[in-house]
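Working notes for the structure below.
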Amino acid sequence: MSDSEPRRAATIAGAVALVVALGAGIASIQLLVDHSYRVAAIRLVAAAVLFLAVTRIRAFVRAAVERPSAWEDRAGETAWAPPTHGHFEHFHDEIKFSARSQRYFDHVLWPRLNALASAATDPPARLDRPAGRRFGRGPSLAALRSLVESLEGRR
């Protein structure tokens, strides 16, 4: 049994509990509330159940966002083995992935580029960091191209 199965079961149980709570609230309103107040009472129960659902979803999203990434755990590691294909393909894939993910650019490629820049020049120099794009995307390919060209110019 994998780790995702208990989480999936808990999610399904939570959804069923919300549906049962909504159904029980509406059934009790139909039996106990006067006809003139039923619409307002049903809306109130639906709003309360929706509030509970949104609160649970918000807590889940907050926990997923605040969880440390695998890249942060590996930040101190110095030993890195390149993949089996050539260096050109590896760097090509790494630059394309950095353009798709700001987090990958910040935690993996940017420290490597700074290490290359400091090793390429006698007085260690820092590179100018390109700005990322919206929706968690890394710098554009043109910005990464100019960054690599400035690094090559320091050789």
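Tabulated results
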read-out: Failed criterion for residue 105 (all others in (1) open to solvent by less than 70 Å² (accessible area, probe 1.4 Å); (2) modelled with pLDDT under 70 hold); value: (2)
read-out: Selection status of residue 52, open to solvent by 80 Å² or more (accessible area, probe 1.4 Å), more than 30 Å from residue 140 (Cβ to Cβ) and at pLDDT 80 or above; value: yes
read-out: Any hit, the stretch 118-141, residues being open to solvent by less than 60 Å² (accessible area, probe 1.4 Å), part of a helix (DSSP H, G or I), of a type outside the set (Val, Ile, Thr) and modelled with pLDDT of 70 or more; value: yes
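The values are calculated or read from the model by the stated rules, or taken from the named source; none is laboratory data. Since the model is a prediction, treat every value here as computed from it, not as a measurement. So basically every Cβ, Gly included, is an ideal-geometry build from the backbone, and we count neighbours across all protein chains shown. For accessibility, only protein heavy atoms count, side chains too; no ligands or nucleic acids. Shrake-Rupley method; radii C 1.70, N 1.55, O 1.52, S 1.80 Å.
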